[in-house]
Amino acid sequence: MSYFETTIKYESLNEQSGKVENVKENYLLKAINFSDAELQVHKYVNENVGCIEFFIESIKRSNITEVIERPLHGISPNWFKIGIKWIQVNEKTGKETGEKTIHIVNANDFDHARAILNSTFSDIVAPFEISSITQFNLIDVIS
């Protein structure tokens, strides 16, 4: 299975202004293929979003390796995409090499995301460095 990123669009009534607004939302899900991803999005949106009609603007295979989700107890989570370089040293050449992985973490802010990631990998012996942290525009992870 792979992760897929999907964007949906729909119209929603703004209760304060009384105007119809266009809404665009991003979701992440694990699926076997594009057809499975599309099916999961339809099921999720029909059961959870509350819009009658929506349009799937895009579905693309994601480079995300893992989702690290922690309960935030009533706080609306932010999602952060964290790039990690796993450091390895070639014994023959002494040259440093590494595999790169991408993880997303729900957290309150950048420092909290870094702390969650470090806590998650604290028992791992292999050295790693965080190469990037960016806020990731995501409504939910569909599971």
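Coordinate-derived values only; no laboratory data. Bear in mind that the values here come from a model prediction, so they are computed numbers and not experimental data. When we count neighbours, we look across all protein chains shown, and the Cβ atoms used for this are built from the backbone with ideal geometry, even at glycine.
A cut-off under 13 angstrom between Cβ atoms defines the neighbours of residue 77, and their net charge, with Lys, Arg +1 and Asp, Glu -1, is -2.
For the chain, compute Rg over Rh where Rg is the Cα radius of gyration and Rh is the Kirkwood radius from the inverse mean 1/r over Cα pairs. Could you put the intermediate results ahead of the total?
Details: Rg = 18.5 Å, Rh = 17.2 Å.
For the chain, the value is 1.07.
With R₀ fixed at 25 Å, the C-beta to C-beta distance from residue 46 to residue 66 puts the FRET efficiency at about 0.35. For the stretch 66-142, the fraction of C-alpha pairs farther apart than 18 angstrom is 43 percent. Here the calculated FRET efficiency for residue 88 and residue 137, from their Cβ-Cβ distance with R0 = 25 Å, stands at 0.15, rounded to the nearest 0.05.
Only lysines eight or more places from residue 60 in sequence, or on another chain, were considered; those with a Cα closer than 22 Å are 9, 24, 30, 43, 81, 100.
Dipole orientation for the stretch 1-119: of the candidates 94, 29, 117, 94 has the Cα lying most toward the positive pole (charges on Cβ; Lys, Arg +1; Asp, Glu -1). Dipole check for the stretch 35-143: with +1 at the C-beta of Lys and Arg, -1 at the C-beta of Asp and Glu, and the Cα centre as origin, the magnitude is about 360 Debye.
Computed on the stretch 2-61, the Cα convex hull volume stands at 72 Å³ per residue. Hey, what angle do you get for helix 34-48 against the long axis of the chain, alpha-carbon based, 0 to 90 degrees rounded to 10? Helix 34-48 and the main axis of the chain meet at about 60 degrees. A cut-off of 5 Å between modelled amide H atoms, ignoring neighbours fewer than 5 places along the same chain, links residue 69 with no other residue. Annotation: amide H-H contacts under 5 Å for residue 128 (H modelled 1.01 Å from N, sequence separation of 5 or more, or interchain): 87.
Using only Cα atoms, find the angle between the long axis of helix 110-120 and the longest principal axis of the chain, and express it within 0 to 90 degrees, rounded to the nearest 10. Taking Cα atoms only, the helix is inclined about 60 degrees.
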